[in-house]
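Here the structure comes first, spelled out in C-alpha cells, and everything after it is commentary.
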Amino acid sequence: MDMGYQCEDLGKLITSRRKEIRLSGREVARRAGISAAYLIALETGVNPKTGKPSRPSNEVLARLDNALNLGEEAYRLVGYAAPKRTSRSLLTSGYLRDRQWGELLNSYAEEGRTVFLSLTEKKRGEFLEEFSEIIKRYKR
C-alpha cells in the first residue's frame, strides 16, 4: 500500500467497532454523513472503482470517529494526527467505552486541578472544607 497508509486495517477497525456496538452499515453511514457505499469501501479498504486504497479525508474520519469512537488508532492508521479528546467531545459522541470514561474523568480532574491551583490559599481551604462537607453528606 502506498505511503504506509493502512486502509485495510482501518476498515477492519471500523467493521469491528460497528459490530461491537451492533449498528448496521446504513446506520453508521447515516450518523457519519456518508453514503453506505462509501462506508463499504472504507471497511474493505479498497475503492471498488479504482482498486486503490480507500483513504478517508480527515473530516470523514472525524465523523466516523464521532459515530463509532474509533480513537487515536484510526488516525494513526491513515497518517493523520488524532484530535485532542476533550470532555465535551467524549460526551457528545454518544458512546463511551470504559477506557473513554477514564479519559473523561481524567479530563475533568485535570481541568479541576488547574482551577484549584489558580485559587488563593484561603479559597483553597474554603473549597476543601465545603467539599469535605459534601462528601460527608453523600456517605450517609
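Below, the figures for the structure above:
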| quantity | calculated |
| --- | --- |
| Average projection area in nm² (convex hull over Cα atoms of the stretch 98-139, one quarter of hull surface) | 3.6 |
| Alpha carbon centroid spacing (whole Å) that separates the stretch 105-140 from the stretch 4-30 | 41 |
| Cut-off under 5 Å, modelled amide H: who pairs with Val46 long-range | Ser54 |
| Taking only Cα atoms of the stretch 2-83, radius of gyration then Dmax in Å | 11.4, 33 |
| Calculated FRET efficiency for the pair Ala109/Ser35, C-beta based, R₀ 41 Å, to 0.05 | 0.50 |
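Computed from the coordinates by the stated procedures, all read-outs in this text should not be read as laboratory data. Treat the numbers as computed from the prediction; the structure is a model and nothing was measured. Reconstructed Cβ throughout: ideal geometry from the backbone, glycine too, with neighbour counts over all protein chains shown.
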